[in-house]
Amino acid sequence: TDKAISLMLAAFESGGETVTLSMLGVLAPHARSYGHEEVRRIRTDLGKQLKLEEGNPTDCGHCRRENGRVNIGYVSAFFHRRNWMKPVWALLNNHDRENFNIHLFADGPPDEINTEGGYVPHAQDTIYDVRKLGNRDLAKLISDCGIEVLVDLNGYSAVRRLGLWAAKPSPVTIGWFNQYATSGMPGIEWLIGDDVVIYPEEEKFYSERIVRLKQSYLTFQVGYETPDIEIPVDNEPFTFGCLGSAYKITPEVRAAWIRLLSETNVTRLLVRNKVLGEESHRKWFLDFFTSEGIDPKRVILLGPAEHEEFLQTYGMVDLALDTFPYNGGTTTMEALWQGVPLVCFKGDRWVSRTSATLLNSAGLNDFVGDDDNEYVDIAKKWSAPGQKDELRRLRTEMRCRLENSMVCDGAGLARNFEQIVFEMIR
């Protein structure tokens, strides 16, 4: 990531196009060599450039209320992604329809939004198919709908929509859910996080005003069928596991895993992701471990699978391992839901604290370290003889524990979120 950013930055400084700067904005928070100041500079530079190109898309100085309710809109290209959007469903499904009219502006297939176990439709909610609309036309639609509060759920995962935020498309604008650094967009006034992911002394690195939820900003809801929790086979070695995306497994992550395997002789590592479906990628990945003297039999590499089978993989894993500096989000939540605790640490930025906020809200702080050394030490401690029984006890209790914790308190999330919105309006 660091090398890619350096090359793109050089290209931009020598006359590259906006797309180069936008890709820099996407990658910057993931690069360890780029601190908070550099991330803010790159993203605010993009915001300034987009503002010059887009101009003020429409006059959004007015709004209207229907039956005294606040018109609140949500912009996303991913409403059809049931698994990824679990925190969004936790909010939307618990919104107070007596006080809010919900408007969903969808850049994905609207007919796939009402997937069983995801969003629960309400008669007064309105869904718009905006895939064919440019940013100016979308801003006009938002204004015509009288949207008083507009929430961006995309972040930098939908670069084409960043131009919507070149100017404020509604009187109150908020970034939430898929943000993990400043957006740099002049049209996003507020950013919602929590105490774990944004420290008070870091607020100066955000172009937005920061507001914090009382629980994890990624409170989630699982409303669809998932596999039963499985207990690993007794006579198998203690198994660490990671089902995170391949691009998150950085050289620093591999180094920590190699150290962990080197210092725990009777353990093994299971890694599963889409990239490992290719034999050439499996060989490339395995070579990092064998070159450091790790027996290849101790490294299990699996490719992609249908979602239920993918989740069943956790039945082979005793302890999950997070990635860094780009933590898991969905991956972390799914590991916990399948009964497997995950080891992580609080990094130096939001994107490196996503798992920590989830575990904190779930009451699993024993699995959160302060740095990558503690990350290895915690994993070693739990892999010691005699710890398997405790992990299995925790596994059998995990779903009940989660459902009774703040990390799954969708109603609490909605009430806190709504309170924040009313304060913003006032």
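The values are calculated or read from the model by the stated rules, or taken from the named source; none is laboratory data. This structure is a prediction, so every number in the text was calculated from the model and none was measured. Backbone-built Cβ (ideal geometry, glycine too); neighbour counts: all protein chains shown. For the accessible areas, the whole protein counts, side chains as well, though only heavy atoms, and no ligand, DNA or RNA atoms are used. Shrake-Rupley method; radii C 1.70, N 1.55, O 1.52, S 1.80 Å.
Highest mean packing first, where packing is the average number of other Cβ atoms within 10 Å per residue, the peptides 379-388, 159-168, 366-375 line up as 159-168, 366-375, 379-388.
Note on region 234-291: dipole from Cβ charges, positive end direction compared against Ala256, Leu286, Gly244; the farthest Cα belongs to Gly244.
Output the pairs from Lys48/Lys132; Lys3/Lys132; Lys132/Lys274; Lys204/Lys274; Lys132/Lys346 with a Cα-Cα distance over 32 Å in this structure; if there are none, say none. Lys3/Lys132; Lys204/Lys274; Lys132/Lys346, as the Cα separations exceed 32 Å there.
Against the longest principal axis of the chain, how steep is helix 135-144, in degrees 0 to 90 to the nearest 10, with axes from Cα atoms? Around 60 degrees separate the two axes.
Calculated [222 nm] ellipticity per residue, helices only, for the chain: -10500 deg cm²/dmol; basis is -39500 (n - 2.57) per DSSP H run with n ≥ 4, divided by all residues, nearest 500. Among residues other than Lys214 with Cβ under 15 Å from its Cβ, the summed charge is -3 (Lys and Arg +1, Asp and Glu -1).
Put the Cα centre of region 333-380 next to the Cα centre of region 110-153 and the gap is 34 Å. In the full protein context, region 217-364 carries 39 Å² of accessible surface per residue, based on a 1.4 Å probe and ignoring ligands, DNA and RNA. Tally Lys/Arg at +1 and Asp/Glu at -1 over every other residue whose Cβ is under 14 Å from the Cβ of Tyr247; what's the total? Every neighbour counted, the sum reads +2.
The calculated FRET efficiency for the pair Phe288 and Lys132, based on their C-beta separation and a Förster distance of 45 Å, comes to about 0.50. Using only side-chain charges placed at the Cβ, +1 for Lys and Arg and -1 for Asp and Glu, the dipole size of the chain relative to its Cα centre rounds to 480 debye.
Per atom type, the chain shows carbon and sulfur on 49% of its accessible surface, probed at 1.4 Å. When +1 charges are put on Lys and Arg Cβ atoms and -1 charges on Asp and Glu Cβ atoms, the dipole computed for region 288-426 relative to its Cα centre reaches about 200 debye. Taking every C-alpha pair closer than 8 Å and separated by at least 6 residues, the mean separation divided by the residue count of the chain gives a relative contact order of 16 percent.
Dipole check for region 162-210: with +1 at the C-beta of Lys and Arg, -1 at the C-beta of Asp and Glu, and the Cα centre as origin, the magnitude is about 280 Debye. Taking a cut-off of 19 Å between Cα atoms, list the lysines near Lys86, but don't count ones fewer than 8 places away on the same chain. Straight-line reach from Lys86, under 19 Å: Lys214.
Computed 3J(HN,Hα) for region 82-97, one whole-Hz value per residue from the Karplus formula 6.51 cos²θ - 1.76 cosθ + 1.60 where θ = phi - 60°, is 3, 5, 5, 8, 3, x, 5, 5, 4, 7, 4, 6, 10, 4, 7, 6, glycine and proline marked x.
Averaged over its residues, region 114-213 has an accessible area of 36 Å² per residue, based on protein heavy atoms and a 1.4 Å probe. Note on Ile231/Asp370: beta-carbon distance plugged into 1/(1 + (r/R0)^6) with R0 of 30 Å gives a FRET efficiency of 0.45. Only Cα pairs under 8 Å and 6+ residues apart enter the sum, and on that basis the relative contact order of region 290-400 stands at 24 percent. Summary of packing: across the peptides 254-261, 41-48, the per-residue average of other C-beta atoms within 10 Å ranks them, highest first, as 41-48, 254-261.
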